[in-house]
Amino acid sequence: DFSTHRVPLTAKCTIYVNGYGAVDMETDYVPNVTACENGGAGTEGLKAQAIAARTFGYYKLNNGMGTSSNPVNNSQGDQVYKCSYTTAADKHYAAANDTSGVVLTYKNVPICSFYVSGVTPSYLNSECKWTGSSSDTGYVSQQKYVTYNYGKTGSNVTQSSLGWVNAANNANRGCMSQNGAK
């Protein structure tokens, strides 16, 4: 039931961002979100971020958001598209290009690809799971949203409390740790 699809680039070419208007999904939105959200990650972490950013954009568009009358926000509440601390560089454009059109779906519908910073890698074990305590530092406050769904499928997937937790909610398939992806 869970799969990735490489969709035609003509499928959802434009997304509207509050304060920026219509932007191209593949050549502008995805590379900029990738840079702002997890720009310091390595190649594979950037690709994971690009896929998550694109999937979230498709989820929003499929649910009546990201349109001219209901744009997505340039914020952590949606996704950070433009930020003061970095700009999209070649590696961010490469991650978007290398994954162009790849969208995560469940039952053929784009999921709401939640992600948060998660704890820094020094707090993760060899399986990328947090083994620390609540007194640790390194983005622990966000770690509570991260789910560990490796090898899980269907109704066995742990949904994230960032979204509506209900077996009928096929869009909530858990939450990625950006630092874990790093």
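None of the figures in this text is laboratory data; all of them are computed from the coordinates on show. If you're wondering where the values come from, they're calculated on a predicted model, not measured in any experiment. All Cβ positions, even for glycine, are placed from backbone atoms using ideal geometry, and neighbour counts span all protein chains on display.
Let's test the formula: R0 of 25 Å, r as the Cβ-Cβ distance of residue 156 and residue 109. What FRET efficiency results, to the nearest 0.05?
0.85
When the chain is modelled as a GNM with alpha-carbon springs shorter than 10 Å, which of 110, 71, 31 fluctuates the most?
71
Residue 102's amide H: which non-local residues (gap 5+, or another chain) put their own amide H closer than 5 Å, with H modeled 1.01 Å from N in plane and none for Pro or chain starts?
Counting only residues 5 or more places away or on other chains, the set is 7.
List the pairs from 107/182; 47/152; 60/107; 82/107; 91/144 whose alpha-carbon separation is above 25 Å, in the order I gave them. Walk me through the numbers before you get to the answer.
Numbers: 107/182 28 Å; 47/152 22 Å; 60/107 17 Å; 82/107 32 Å; 91/144 30 Å.
Pairs exceeding the cut-off: 107/182; 82/107; 91/144.
Charges on Cβ only, +1 for Lys and Arg, -1 for Asp and Glu, centred on the Cα centroid of the chain; of 33, 69, 94, which one is farthest towards the dipole's positive end?
69
Tell me, for the chain, which Cys residues have no other cysteine's C-beta sitting closer than 4.7 Å.
Cysteines lacking a close Cβ partner in the chain: 13, 112, 128, 175.
Please get the size of the charge dipole for the chain, origin at its Cα centre, with Cβ charges of +1 on Lys and Arg and -1 on Asp and Glu, quoted in debye to the nearest 20.
320
Rounded, prolate or oblate, given the Cα gyration tensor of the range 41-152, with a/c below 1.5 counting as rounded?
It comes out prolate by the Cα gyration axes.
Got a sec? Which residues in the range 72-88 would a label at residue 24 touch, if it sits 7 Å along Cα→Cβ and we count backbone N under 19 Å?
So the set is 81-82, 87-88.
By the scheme Lys and Arg +1, Asp and Glu -1, what is the net charge of all other residues having a beta-carbon under 11 Å from that of residue 147?
Summing Lys and Arg as +1 and Asp and Glu as -1 gives +4.
Apply the a/c threshold of 1.5 to the C-alpha gyration tensor of the range 10-50 and tell me whether it is rounded, prolate or oblate.
oblate
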